[in-house]
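Engineer: I have a structure I would like to understand better, so I am pasting it below and will then ask my questions one at a time.
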């Protein structure tokens, strides 16, 4: 997720002007993005851009480096991190030292964790043991002389077995930072308790090294919590790209997504292709 400047302070956000919503009580002043959204400081509304990259889409998959449909946990877990490279280690490593991880606990309250890497050795969170429910984002905030992460950094259920820094159960991996990327690139988000998300624009593209034309289908899904079940549905966002490398721009119609809803952008393609997604949105307190 990237923070961005609002296009116009009079932009309508769920029927009110953006500027009218900046005075709402700040429920989560220590959680990203509310910790940094207003002129570099804490605030109650944030203009954001989700971004995702899937390196080899064919069958339907979420837009992230793992190239699978993510599994949404139904119970709390303890979060773990590690890297595929021993160089991603605090102080002595040339790669990444420290990351921030944005999570929701089992009450959908957001928290931003600061965790130090220990190379290929698992580091488990000690603050929200057994109560992490979602991972929304991850970013590297401190590095060694290499100036970026040397390996792929994984965020996962710490109960999983890790081999040379890589968790072995794909359904227990919830985010990752690709080598050298610094930021996680996942086109998904779960709306925190007490908040709404207004989606406003979707931009997509793909790159195929072959000259053979490809067809990429892109859709946005929401999974709404209803009692103890989650009901999945399409949102009226998405489209089709057909070429050997093309783009798509969907301006949307200000779709409002409620609290505790999982949102993900998913794609399939007629042949392996790199798919890129950017989606603009505004996150705000209700």
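Engineer: Take residue 36 and residue 90, extend 7 Å from each Cα along the Cα→Cβ direction, and tell me the distance between the two endpoints in nm.
Structural biologist: Here the answer is 2.0 nm between the modelled labels.
Engineer: Further question: Rounded to the nearest 0.05, what FRET efficiency do residue 24 and residue 49 have when you use their Cβ-Cβ distance and R0 = 25 Å?
Structural biologist: Step by step, r from the Cβ atoms, then E = 0.70.
Engineer: A follow-up question, please. Whole angstrom only: what separates the Cα centroid of the stretch 162-225 from the Cα centroid of the stretch 1-59?
Structural biologist: Using only Cα atoms to place each centre, the spacing works out to 18 Å.
Engineer: Using Cα pairs closer than 8 Å and at least 6 residues apart in sequence, work out the relative contact order for the chain, in percent.
Structural biologist: Computed value for the chain: 22 percent relative contact order.
Engineer: Further, regarding this structure: If I take every Cα pair under 8 Å that is 6 or more residues apart in the stretch 68-144, average their sequence separation and divide by the length, what percent do I get for the relative contact order? If you can, show how the numbers build up before the last one.
Structural biologist: Working: 177 pairs, mean separation 31.9, N = 77.
Across the stretch 68-144, relative contact order equals 41 percent.
Engineer: May I pose another question? Within the stretch 114-149, whose backbone N sits under 15 Å from a point 7 Å along Cα→Cβ of residue 164?
Structural biologist: The answer is 120-121, whose backbone nitrogens lie closer than 15 Å to the label point.
Engineer: So, one more: Residues of the stretch 37-66 with amide nitrogen under 18 Å from the 7 Å Cα-to-Cβ point of residue 7?
Structural biologist: 46-51
Engineer: With a 10 Å Cβ neighbour count serving as the proxy for reagent exposure, in which order, fewest first, do 97, 64 appear?
Structural biologist: 97, 64
Engineer: Moving to a separate point now. I'd like the Kirkwood hydrodynamic radius of the stretch 79-177, using the inverse of the mean 1/r over distinct C-alpha pairs, in Å.
Structural biologist: 13.1 Å
Engineer: Out of these labelled values of Cα extents along the principal axes in Å, (1) 56, 54, 31; (2) 51, 51, 37; (3) 52, 50, 41, which was calculated from the coordinates shown here?
Structural biologist: Here the calculated entry is (3).
Every number in this text was worked out from the coordinates using simple rules, so none of it is lab data. The structure displayed is predicted, hence computed values, not measured ones. Note that we place each Cβ from the backbone using ideal geometry, even for glycine, and neighbour counts take in every protein chain shown.
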